[in-house]
Every structure is written in C-alpha cells, then in structure tokens.
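Each remark here refers to the structure printed beneath this line.
Every number in this text was worked out from the coordinates using simple rules, so none of it is lab data. All figures in this text were calculated on a predicted structure; none of them were measured in a lab. We place every Cβ from the backbone using ideal geometry, glycine too, and count neighbours over all the protein chains shown.
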Amino acid sequence: MRQTAVRRLNEPDPLKMLSLLSPLLYDPVKAVRIEAAQRLTILPTEMITGDLRTKFEGVLAEYQKAAEHTGDFAASRHNLGNMYANLGQTERAVTHYRKAIEIDDLFYPAKVNLAGVYNRMGRNSDAEVLLRAVVERHPDLPQIKYSLALLLAEEKKYEDAEVYLKAAVSDMPHHARARYNLGLLQQQLGRDSLAETSLMGAVKIEPDNIDYLYALADFYLKRGRWERAQEIAQEMIERHPNQKIGHDIADFVRRQK
C-alpha cells in the first residue's frame with residue numbers, strides 16, 4: 001500500500017514532495033524505499049543534502065543492483081535509463097535505453113524517452129527517427145504524435161509538423177495546448193483562417209489561460225483587427241486584472257482607433 005501511494009503521489013511542490021517522500025527512504029520494506037528514491041530523482045540534486053543525501057544514494061544503489069539483476073528485461077533497463085536521465089547522467093541513460101530497445105524493439109517507452117534525451121542533447125535527427133518509428137507502429141498514441149510534431153517544428157519542418165499536430169488534435173480534442181501549438185504553427189505557414197480557428201479552440205477549452213488569450217489577441221493585432229483584439233484584451237483584463245499585458249493591449253488598440 002505504501003509503495004502504491006508513493007507511485008501515485010502527484011505533488012507539484014518540490015519541497016512538499018521531499019518532505020513526504022524522504023522519510024520513506026528509511027522504510028523497512030525495500031520496495032517502498034526504492035519507489036521513494038526513484039520518485040526523488042526528479043528533484044534538483046541540491047535539494048537532497050547531508051545524511052539524507054547519503055541515505056538517498058544508498059537506496060539508489062539498492063535499486064540499481066535489483067534492476068541489474070533483472071537486466072535481461074527491457075522494462076528494467078528502461079527504468080534504469082529513467083533514473084539516470086533524472087539524475088542528469090545522460091550517457092548512462094542512453095546506454096540503458098538502447099539496451100532496452102535491443103532486448104525488445106517493440107518496447108516503445110524506451111524509444112520515446114531516449115528520443116527525449118537525444119532532443120536535450122541536440123541530436124534531433126536521432127530523436128525524430130525514434131519518434132517516427134513509434135508513431136508508425138503505434139498510431140493509437142496521440143501524445144507521441146504531439147511530441148513528434150513539436151520536434152519537427154523545432155527542426156523547422158513546419159509542413160510535417162502540421163500533419164502530426166492536426167492528427168494529435170483530432171485524437172485529443174480537449175488538449176488545449178495542442179490546439180494552441182497548431183495555431184502558432186499555422187500562422188507560421190500563413191494559414192490565417194485555420195490559425196484563428198485553432199487559437200479560438202484553445203481559448204474555448206481553457207478560457208482562463210492567459211497564454212492562449214495573448215496569442216489570440218496578438219493574432220488580431222498583427223492583422224489590424226482592432227475590434228477583435230480589443231475584445232480579447234478585455235477578456236484578459238476581466239480574467240487577470242493584475243496582469244499588465246491585457247491593459248497594455250487595450251491601451252495600444254485605443255491609440256490605433
């Protein structure tokens with residue numbers, strides 16, 4: 001039960017996460033200790049200090065030994081890759097992800113996470129190969145299509161990126177961020193009508209998101225559509241009265257009329 005509780009803990013505050021999980025590094029059950037240590041690897045290393053750091057590293061060594069014992073399984077290698085990726089030990093992470101793929105080429109989580117590491121290393125072409133392979137073999141995974149689209153956009157392969165972003169939006173109709181990204185990309189491609197629809201869709205799903213409101217207001221500003229820009233600016237002011245950007249846009253529009 002304690003192990004499951006650790007695994008399902010969803011705490012965005014790093015300090016609170018540390019306070020909740022650090023006592024479990026001393027749990028008498030090895031599985032609980034290991035689960036807690038794994039979760040703590042996502043925190044900045046400087047947060048874990050002193051005697052707690054020593055204990056943390058000891059439990060990680062326990063975990064590494066256990067995972068190496070079952071290292072003939074792709075999942076074990078993948079988990080080790082995750083641990084080293086979280087710890088910033090990139091080359092060791094790559095080694096274990098590759099080993100997982102070598103053991104089981106159908107184990108797509110290792111390909112996805114290796115692609116993420118490659119992206120952080122600046123090896124986007126290698127990351128693209130991996131994500132394309134996953135999307136081709138698993139077309140029912142919209143989040144991977146979305147990741148591939150963002151990578152392609154980063155590589156300035158905008159036409160390809162639009163294809164996968166559209167697919168992601170179609171598969172995840174309530175994913176506001178995907179619609180927002182699609183709208184920005186469609187602006188880049190000069191598809192203004194489609195871009196407006198995509199940005200409006202993002203705002204409709206998350207009307208309080210100031211990034212989406214700003215993107216839509218900016219869309220209208222760049223096209224001299226002052227009335228619509230004023231309307232969106234007013235929404236920004238109403239929803240976020242303490243944010244300066246809405247007031248600035250409204251003032252700018254007033255000066256244009």
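Side notes on the structure shown:
- Boolean, Asp72 is under 22 Å from Gln38 (Cβ atoms), among the charged types (D, E, K, R), out of contact with any strand residue (DSSP E or B) (no Cβ under 6 Å at 6 or more places or on another chain) and not in a helix (DSSP H, G or I): yes
- Given (1) over 22 Å from Ala215 (Cα atoms); (2) touching an Asp or Glu at 6+ places or on another chain (Cβ under 9 Å); (3) surrounded by 22 or more Cβ atoms within 10 Å (Cβ to Cβ), number of the condition Ala100 does not satisfy: (2)
- Residues that are of a type in the set (D, E, K, R) and touching a helix residue (DSSP H, G or I) at 6+ places or on another chain (Cβ under 7 Å) within the range 46-64 comprise Lys55, Glu62, listed in sequence order.
- Filtered residues of the range 100-113 (kept if over 18 Å from Val129 (Cβ atoms) and basic (Lys, Arg)): none
- Qualifying residues in the range 8-43 (those that are within 21 Å of Asn79 (Cβ to Cβ) and loosely packed, with under 12 Cβ neighbours inside 10 Å) - the one nearest to the chain's Cα centre (by Cα): Asn10
- In summary, Arg255 fulfils each of the numbered conditions (1) part of a helix (DSSP H, G or I); (2) over 21 Å from Ile144 (Cβ atoms); (3) touching a Lys or Arg at 6+ places or on another chain (Cβ under 6 Å) with the single exception of condition (3).
- Some residue of the range 75-83 being in a loop (DSSP other than H, G, I, E, B), within 28 Å of Met121 (Cα to Cα) and without any contact (Cβ under 8 Å) to a residue 60 or more places away in the chain: no
- Condition check for Ala202: in a helix (DSSP H, G or I), among the hydrophobic types (A, V, I, L, M, F, W, C) and closer than 30 Å to Pro109 by Cα: yes
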